[in-house]
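Only one structure is covered here, and it is reproduced in the block below.
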Amino acid sequence: MAEKILILGSEGQVGTDLAATLRDKYGKDNVVCSDIKPAIDEKLDLGPYVELNVMDRAALEAVFSEHKPTMVYHLAAMLSATAEKFPRKGWDLNMEGMFSVFDACIDHKVKRVFWPSSIAVFGPNTPRINTPQNCVMDPNTIYGISKLAGERFCEYYYEKYGLDVRSIRYPGLIGWKAKPGGGTTDYAVDIFHQALIQNSYTCFLKEDTGLPMMYMDDAIKATIDITEADPSQIKIRSSYNLSGMSFDPKTLSEEIMRQRPGFTIDYEIDGRQKIAESWPTSIDDSAAKNDWNWKPDYNLETMVAEMLKQLSAMGVGS
Ligand code: AKB
């Protein structure tokens with residue numbers, strides 16, 4: 001049977017890239033995009049688009065009935081820094097959104113659903129270097145708590161209802177098509193825009209704050225690969241650790257300086273530092289490598305080169 005794909009949260013940082021890749025692969029009419037943002041002509045030209053709040057169960061039901069998706073990517077969520085400002089809203093969107101989507105998937109016999117977790121599931125007592133798949137997990141942000149609870153429900157829905165949920169723990173994601181909104185790792189995207197605009201950047205994290213990161217093309221590859229993998233390959237039904245590269249702001253700025261002489265960085269630390277300090281600096285993703293052949297293509301040097309090239313081509317800074 002031909003696949004019909006529904007992306008919820010298609011206007012976000014991951015959704016923008018994922019929609020473009022899936023539309024290339026499956027044809028634009030077989031990928032329905034949806035987000036809380038209104039439908040405008042520019043979006044409708046790219047393929048089917050529905051304005052939708054994932055917490056509105058009746059509206060979600062109507063979208064499932066009309067489009068009959070075989071695969072669903074549920075990306076709508078509030079990220080770490082914003083959820084700290086609006087804890088109740090963050091919890092409601094992340095949890096109620098997940099329940100309404102999972103329940104609709106069961107009702108409509110959806111073959112597969114992708115739900116993203118995050119390195120935010122780890123906390124201050126987690127081993128920070130080469131963080132194992134299974135270890136102490138004591139997140140102290142609303143976002144992290146909602147993602148850890150969500151992971152438990154992924155496994156629960158699989159065991160109890162047979163819903164084939166696939167999930168990975170995204171590191172900080174770096175892409176040029178869309179900017180992230182409200183995350184702690186956002187500096188690693190912003191820095192490229194400011195490098196091209198004014199050749200300097202003021203960073204909100206300390207220079208030695210190492211975090212796991214990944215270039216967006218790798219994240220999209222992992223997202224599609226795990227979702228399309230044969231069920232026999234998926235041995236972890238909560239969420240897989242995933243690793244691309246790890247660096248701190250100083251190391252990233254040095255690589256940008258190397259490729260763009262004259263670039264400078266300074267630091268004005270804000271509340272996001274505390275969140276970053278509760279997360280790992282590097283991740284052990286051997287389970288993803290063994291089970292479904294995960295392998296990233298980008299390292300720090302190639303990611304920086306690609307970001308500068310693509311943003312320049314878009315006209316950023318000119
Ligand atoms: C955030 O910073 O909140 C996200 C994440 C690591 O999940 N990018």
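The values are calculated or read from the model by the stated rules, or taken from the named source; none is laboratory data. In this text the structure is predicted, and so the values were computed from the model without any measurement. We place every Cβ from the backbone using ideal geometry, glycine too, and count neighbours over all the protein chains shown. All accessible areas refer to the heavy atoms of the entire protein, side chains included, with ligands and DNA or RNA removed. Shrake-Rupley method; radii C 1.70, N 1.55, O 1.52, S 1.80 Å.
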_Let me spell it out: the conditions are (1) in a helix (DSSP H, G or I); (2) over 26 Å from residue 192 (Cβ atoms); (3) open to solvent by 10 Å² or more (accessible area, probe 1.4 Å); (4) within 16 Å of the ligand (Cβ to nearest atom), and residue 159 meets all of them except one. Which number is the exception?_
(4)
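For region 234-253, how many residues meet the condition of being farther than 30 Å from residue 264 by Cβ and free of Cβ contacts under 8 Å to residues at least 60 places away in the same chain? Steps first, answer last, please.
Just the residues of region 234-253 that are farther than 30 Å from residue 264 by Cβ, to begin with: 234-242.
From what's left, free of Cβ contacts under 8 Å to residues at least 60 places away in the same chain: 235.
Going through region 234-253 one residue at a time, the tally reaches 1.
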*Looking at region 223-244, which of its residues are closer than 28 Å to residue 124 by Cβ and within 14 Å of the ligand (Cβ to nearest atom)?*
239, 241, 242, 243, 244
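Take residue 54 and tell me if it is part of a loop (DSSP other than H, G, I, E, B), closer than 19 Å to residue 113 by Cβ and without any contact (Cβ under 8 Å) to a residue 60 or more places away in the chain. Steps first, please.
Numbers: part of a loop (DSSP other than H, G, I, E, B): yes; closer than 19 Å to residue 113 by Cβ: yes; without any contact (Cβ under 8 Å) to a residue 60 or more places away in the chain: yes.
Against the criterion (part of a loop (DSSP other than H, G, I, E, B), closer than 19 Å to residue 113 by Cβ and without any contact (Cβ under 8 Å) to a residue 60 or more places away in the chain), residue 54 qualifies.
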*Answer residue from region 176-211, given it is in contact with a strand residue (DSSP E or B) (Cβ under 7 Å, 6 or more places away or on another chain) and among the hydroxyl-bearing types (Ser, Thr, Tyr) and is nearest to the ligand (Cβ to nearest atom) among those*: 185
_Conditions first: (1) surrounded by fewer than 24 Cβ atoms within 10 Å (Cβ to Cβ); (2) near the ligand (Cβ under 10 Å from one of its atoms). Residue 171 passes all but one, so which condition is the exception?_
(1)
_I'm trying to understand the selection: among the residues of region 40-76, which are hydrophobic (A, V, I, L, M, F, W, C), touching a Cys at 6+ places or on another chain (Cβ under 8 Å) and open to solvent by 30 Å² or more (accessible area, probe 1.4 Å)?_
46, 50
*asked:* Residues to consider are 235, 250, 274; find the one that is at pLDDT 95 or above, part of a helix (DSSP H, G or I) and closer than 26 Å to residue 152 by Cα.
replied: 274
*Please work out which one of (1) more than 23 Å from residue 168 (Cβ to Cβ); (2) touching a Ser or Thr at 6+ places or on another chain (Cβ under 7 Å) is the condition residue 220 fails and give its number.*
(1)
_Looking at region 104-126, can you tell me whether even one residue there is farther than 19 Å from residue 271 by Cβ, within 13 Å of the ligand (Cβ to nearest atom) and without any contact (Cβ under 8 Å) to a residue 40 or more places away in the chain?_
no
